[in-house]
Amino acid sequence: MGRKPRDISGGRVLIKQNGDFCKNNYEANIYKNKLFEIAERQNVDIYGYYIGKSNIMLYIHSEDIAKFMQILNSSFTRERNKNRENKDKNGKIDRYVVTSVGDNEKDDIAKFIEQNGGIIFVKSSKNISIEKKHSINNIKKRKNMNIVALNSETHKNLRYTGGKIPNTTIAKITVSEMKKCAENFCIVFTNDVVPTMVVLLGQTENVIIDDEFSGYIPASLKNYPFLLGNADGKRVLCVDMDSDHLSENDKGERLFGDDENKSEFLDKVIVALKNYDSDFKRTQLMMEELKKSGILINKELNLKVADENYVLIKGFSVVSRSKLNELDDKTLAMFVRNGYMDLINIHLSSLSNFQTLASRILEK
């Protein structure tokens with residue numbers, strides 16, 4: 001019972017299984033309770049399910065499908081059979097079938113389960129993962145931002161007037177910012193080949209940093225509209241000319257003096273950008289090691305309302321405490337030597353802010 005094709009060991013899948021599952025609602029509730037209980041223990045994401053008398057369907061994401069299904073089936077049948085007569089003859093369950101679910105199939109699978117009377121927690125078209133938001137934001141930046149290299153002659157009259165930070169749902173951060181960010185934000189990682197460390201700010205808009213916010217603001221937001229770009233292998237100071245933080249009137253900080261040399265203000269901007277650039281490279285080295293070690297797991301921000309779970313934000317990763325404890329001595333020693341263990345603990349402590357973030361999203 002419970003075998004599957006060996007080539008599908010993990011990922012986002014649809015599982016179908018036939019058999020003598022549930023004779024009544026009592027037994028269906030046993031299966032449902034076991035499903036959620038074991039999914040939580042095994043770090044399995046449940047996107048939807050159907051529980052019938054003679055078959056079940058599970059729409060999940062698991063890194064070890066065989067282990068999850070073995071525990072679920074044995075735990076369910078053991079509990080269910082306590083109240084059944086002729087235990088040896090009742091409750092036979094067939095082998096299950098596993099099908100991988102691609103990004104272009106998510107909506108169809110959700111609709112299929114719903115149409116068959118199942119429960120769906122995720123509406124894929126309305127819950128864009130944060131790595132997808134990164135791609136969308138990058139496209140928008142290329143289309144909507146007017147990035148140019150600063151030039152003392154062309155921009156001699158340009159001034160920085162300040163303004164509100166960009167209204168974004170996520171912000172990149174570096175290792176040196178983690179401790180301060182952990183006080184108010186959830187620190188998580190994108191699901192890229194080399195993950196990026198970010199803080200979650202909201203579902204469709206920034207709901208954490210408002211006019212009354214007095215905590216630390218990530219440098220990637222404070223540095224706007226300035227950034228370092230690449231030109232002929234060199235880092236060049238650039239600016240978004242369409243930003244409302246800039247003006248050519250007589251108000252604000254001058255970028256260049258009358259002699260067209262950089263102003264003291266612009267010198268400070270350059271120092272801040274160089275420090276951030278260096279720190280970001282150091283951060284990416286850590287992210288490469290975390291990804292390589294296999295301790296990152298997929299996570300979702302859920303909200304429970306009237307016994308139903310709703311996905312607010314998905315498509316990000318966090319460190320798994322159980323996988324961290326399973327690391328070999330050599331990797332753990334390297335983590336400690338490089339200071340990664342302290343940073344991982346800061347990341348894990350920041351996840352206590354999930355409830356605040358969910359509440360803010362709900363208020364909006």
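Counting only residues that are touching a helix residue (DSSP H, G or I) at 6+ places or on another chain (Cβ under 9 Å) and in a loop (DSSP other than H, G, I, E, B), how many does segment 165-197 have?
Going residue by residue through segment 165-197, those that are touching a helix residue (DSSP H, G or I) at 6+ places or on another chain (Cβ under 9 Å) are 165-166, 168-179, 181-197.
Checking which are in a loop (DSSP other than H, G, I, E, B) leaves us with 165-166, 168-169, 173-174, 182-185, 191-196.
Number satisfying all stated conditions: 16.
Just give me the residues in segment 40-53 being without any contact (Cβ under 8 Å) to a residue 40 or more places away in the chain and farther than 18 Å from residue 22 by Cβ, in sequence order.
40, 41, 42, 44
Mind checking which residues of segment 72-108 are more than 19 Å from residue 28 (Cβ to Cβ), modelled with pLDDT of 85 or more and not in a loop (DSSP other than H, G, I, E, B)?
Within segment 72-108, 97, 98, 99, 100 qualify.
For every residue, the table says whether it meets (1) surrounded by fewer than 19 Cβ atoms within 10 Å (Cβ to Cβ); (2) out of contact with any strand residue (DSSP E or B) (no Cβ under 7 Å at 6 or more places or on another chain).
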position	(1), (2)
34	no, yes
47	no, no
59	no, no
67	yes, yes
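Against the conditions (1) over 15 Å from residue 315 (Cβ atoms); (2) of a type outside the set (Asp, Glu); (3) at pLDDT below 80, where does residue 158 fall short? Just the number, please.
(3)
Which count do you get for residues in segment 195-243 that are hydrophobic (A, V, I, L, M, F, W, C), open to solvent by less than 30 Å² (accessible area, probe 1.4 Å) and within 23 Å of the chain's Cα centre (by Cα)?
The number of residues fulfilling the criteria is 10.
Given the criteria part of a helix (DSSP H, G or I) and within 25 Å of residue 174 (Cα to Cα), does residue 352 qualify?
Yes: the conditions hold for residue 352.
Could you tell me whether residue 280 is open to solvent by less than 90 Å² (accessible area, probe 1.4 Å) and within 18 Å of residue 151 (Cα to Cα)?
Numbers: open to solvent by less than 90 Å² (accessible area, probe 1.4 Å): yes; within 18 Å of residue 151 (Cα to Cα): no.
Answer is no for this residue.
Out of all the residues in segment 149-183, which are touching a residue at least 24 places away in the same chain (Cβ under 8 Å) and basic (Lys, Arg)? I'd like the intermediate steps shown before the answer.
Within segment 149-183, the subset touching a residue at least 24 places away in the same chain (Cβ under 8 Å) is 149-150, 152-153, 155-163, 165-183.
Across segment 149-183, the qualifying residues are 156, 159, 172, 179, 180.
If I filter segment 328-346 down to residues being in a helix (DSSP H, G or I) and of a type in the set (S, T, N, Q), which single residue comes out as least open to solvent (accessible area, probe 1.4 Å)? Step through it out loud before you land on a result.
If we filter segment 328-346 for residues that are in a helix (DSSP H, G or I), which is where we start, we get 329-337, 340-346.
Adding the requirement that they be of a type in the set (S, T, N, Q) leaves 331, 345.
Numbers: 331: 33, 345: 80 Å².
Out of the qualifying residues, it is 331.
Which residue out of 349, 322, 293, 359 is open to solvent by 20 Å² or more (accessible area, probe 1.4 Å) and free of Cβ contacts under 8 Å to residues at least 12 places away in the same chain? If you could, list the steps in order and put the result at the bottom.
On the way: 349 fails: free of Cβ contacts under 8 Å to residues at least 12 places away in the same chain; 322 fails: free of Cβ contacts under 8 Å to residues at least 12 places away in the same chain; 293 fails: free of Cβ contacts under 8 Å to residues at least 12 places away in the same chain.
Answer to the check: 359.
Does residue 364 count as in contact with a Phe, Trp or Tyr (Cβ under 7 Å, 6 or more places away or on another chain), modelled with pLDDT under 95 and of a type in the set (Lys, Arg)? Quick ask: steps written out before the conclusion?
Numbers: in contact with a Phe, Trp or Tyr (Cβ under 7 Å, 6 or more places away or on another chain): no; modelled with pLDDT under 95: yes; of a type in the set (Lys, Arg): yes.
Considered against the rule, which asks whether it is in contact with a Phe, Trp or Tyr (Cβ under 7 Å, 6 or more places away or on another chain), modelled with pLDDT under 95 and of a type in the set (Lys, Arg), residue 364 comes out as no.
Just to verify a result, which residue in segment 161-194, among those that are more than 21 Å from residue 205 (Cα to Cα) and either at pLDDT below 95 or among the basic types (Lys, Arg) (or both), is surrounded by the fewest Cβ atoms within 10 Å (Cβ to Cβ)? I'd like the intermediate steps shown before the answer.
We begin by selecting, within segment 161-194, every residue more than 21 Å from residue 205 (Cα to Cα); these are 161, 174-180, 192-194.
Subsequent filtering for residues that are either at pLDDT below 95 or among the basic types (Lys, Arg) (or both) retains 161, 179-180, 192-194.
Values: 161: 13, 179: 14, 180: 15, 192: 13, 193: 7, 194: 13.
Only one residue tops the list, namely 193.
A quick yes/no check of all residues on (1) under 30 Å from residue 313 (Cβ atoms); (2) in contact (Cβ under 8 Å) with a residue 60 or more places away in the chain; (3) of a type in the set (Gly, Ala, Ser); (4) touching a strand residue (DSSP E or B) at 6+ places or on another chain (Cβ under 7 Å):
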{"position": "185", "(1), (2), (3), (4)": "yes, yes, no, yes"}
{"position": "197", "(1), (2), (3), (4)": "yes, yes, no, yes"}
{"position": "205", "(1), (2), (3), (4)": "yes, yes, no, no"}
{"position": "213", "(1), (2), (3), (4)": "yes, no, no, no"}
{"position": "221", "(1), (2), (3), (4)": "yes, no, no, yes"}
{"position": "244", "(1), (2), (3), (4)": "yes, yes, no, no"}
{"position": "271", "(1), (2), (3), (4)": "no, no, no, no"}
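Would you be able to say whether some residue in segment 140-155 is of a type in the set (Val, Ile, Thr), at pLDDT 85 or above and open to solvent by 70 Å² or more (accessible area, probe 1.4 Å)?
Of the residues in segment 140-155, the ones of a type in the set (Val, Ile, Thr) are 147-148, 154.
Subsequent filtering for residues that are at pLDDT 85 or above retains 148, 154.
If we keep only those that are open to solvent by 70 Å² or more (accessible area, probe 1.4 Å) too, we end up with 154.
Among the residues of segment 140-155, at least one is of a type in the set (Val, Ile, Thr), at pLDDT 85 or above and open to solvent by 70 Å² or more (accessible area, probe 1.4 Å), which makes the answer yes.
The values are calculated or read from the model by the stated rules, or taken from the named source; none is laboratory data. Just so we're clear, the structure is a prediction, and the values are computed from it rather than from any experiment. In this analysis, Cβ positions are derived from the backbone assuming ideal geometry, glycine residues included, and neighbour counts consider all displayed protein chains. Surface accessibility is based on the protein's heavy atoms, side chains included, excluding ligands, DNA and RNA. Shrake-Rupley method; radii C 1.70, N 1.55, O 1.52, S 1.80 Å.
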